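K.L.:
Handing you this structure, nothing more for now.
Coordinate-derived values only; no laboratory data. What you see is a predicted model, and the numbers here were worked out from it, not measured in a lab. Cβ coordinates were reconstructed from backbone atoms using ideal geometry, including for glycine residues, and neighbour counts include every protein chain displayed.
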Amino acid sequence: MHLICDIANLREVRRTWQTSGKVIAFVPTMGNLHQGHLNLVREAKKQADIVVVSIFVNPMQFGPDEDLDAYPRTLENDKILLEELGVDVLFLPKATDIYARGLEQQTFVEVPGLSYMICGASRPGHFRGVATIVCKLFNMVQPNVAFFGEKDFQQLQVIKAMVTDLSMNLKICGITTTREVDGLAMSSRNQYLNDVERKLAPTLYTKMHALVSEIQAGRRDFTFLTGEYKQQLAELGFSPDYLEIRNVGSLLQPSHEDSELVLLAAAFLGKTRLIDNLQFSIKTSV
Ligand code: PAF
């Protein structure tokens, strides 16, 4: 596995692959890799000749009161895991190269609408930071295909919209969320949970399933229903941020004709913010 920290070096290597007609897959990450990330890499290996993984903890997507400094950084272990999977290039750009003119001056990419709702409403500027870094990394790596986890469902929709809107020439693949045996969606932030919180954490997903079952059994009073489940989560010890039922593609409030939906959830357990989602279908009246 080649370690590349310099954008010019990456471009040079990229040129040699291009001339030999290789299909290039890209998995952008912020490191602290877990099985969820590794499953993205495994899928990338299946679909391409060359796999590039990046690790960059992107300051632009963290709010002023968020965990940028505390975000777990485990580079040596990450390298071993990626080497074992046969990754071709680990790209480790420096913040001073990525934001060469400083964060304040940085040109940005923003996907309107999708970036402002749900998680975007709770974390203003977050999706601008994500879209900007992903766009920049795409320009550097120039992949044919890029892989993202469905756990960050709204992020995936934002990136797909950016690729469409800016006519970017690559395919975006969303990969099913990887879960612990008790159902908790894997996330680097799970390690912030203490023992009591960790035991309680999978209940979020259990409650999401229960909510979806009620919808599939016929309930359509979505606002009331999500309110009830927020209350149940609060009684269990969560501080729910949102519980939203949306159209799976647009993430808008569903109309009566929409049959493909997603339940999106975010809740704090102590200081840890958990997010999860569940896609489901319903019978419509039309
Ligand atoms: O999902 C993540 O880890 C990050 O948001 C991403 C896509 C690597 C951009 O920094």
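K.L.:
Which value at 222 nm does the chain reach when only helices count, each DSSP H run of 4 or more adding -39,500 (n - 2.57), with the total divided by all residues and rounded to the nearest 500 deg cm²/dmol?
P.N.:
The per-residue figure over the chain is -11500 deg cm²/dmol.
K.L.:
What ranking do E197, E76 get, fewest neighbouring Cβ atoms within 10 angstrom at the top?
P.N.:
E76, E197
K.L.:
Considering only Cα-Cα distances, which of the following residue pairs are longer than 31 Å: K22/K151; K136/K283; K160/K199; K46/K160; K94/K160; K171/K207?
P.N.:
Checking Cα-Cα distances, K136/K283; K160/K199; K171/K207 exceed 31 Å.
K.L.:
Would you list R14, R246 from fewest to most Cβ contacts within 10 Å?
P.N.:
R14, R246
K.L.:
Given C-alpha coordinates of the chain, what is the ratio Rg to Rh with the Kirkwood estimate of Rh?
P.N.:
Radius of gyration relative to Kirkwood radius: 0.97.
K.L.:
Which one, V181, V111, V23, has the greatest fluctuation when you compute a Gaussian network model over the chain with C-alpha springs under 10 angstrom?
P.N.:
V181
K.L.:
Can you tell me the FRET efficiency between F108 and M1 if r is taken as the Cβ-Cβ distance and R0 is 30 Å, rounded to the nearest 0.05?
P.N.:
Given R0 = 30 Å and the Cβ-Cβ separation, E is 0.45.
K.L.:
Run through the DSSP bridge list for the chain and note the antiparallel percent, rounded to the nearest 5.
P.N.:
Of all bridge pairs located within the chain, approximately 50 percent are antiparallel.
K.L.:
Round to the nearest 0.05 the FRET efficiency obtained for R220 and R15 when R0 = 45 Å and r is the Cβ-Cβ distance.
P.N.:
It comes to 0.20.
K.L.:
Would you list I80, I118 from fewest to most Cβ contacts within 10 Å?
P.N.:
I80, I118
K.L.:
Also, I was wondering about something else. Projected onto the charge dipole of the chain (+1 at Lys/Arg Cβ, -1 at Asp/Glu Cβ, origin at the Cα centre), which of I215, P254, L204 gives the Cα projection farthest towards the positive end?
P.N.:
Toward the positive end, the furthest listed residue is P254.
K.L.:
Sequence-distant or interchain residues sharing an amide H contact under 5 Å with S54, placed H: which?
P.N.:
Amide H neighbours of S54: V27, T29, F91.
K.L.:
Same structure, new question: Report the local net charge at L243: Lys and Arg +1, Asp and Glu -1, summed over other residues whose C-beta lies under 13 Å from its C-beta.
P.N.:
After counting each charged neighbour, the total is -2.
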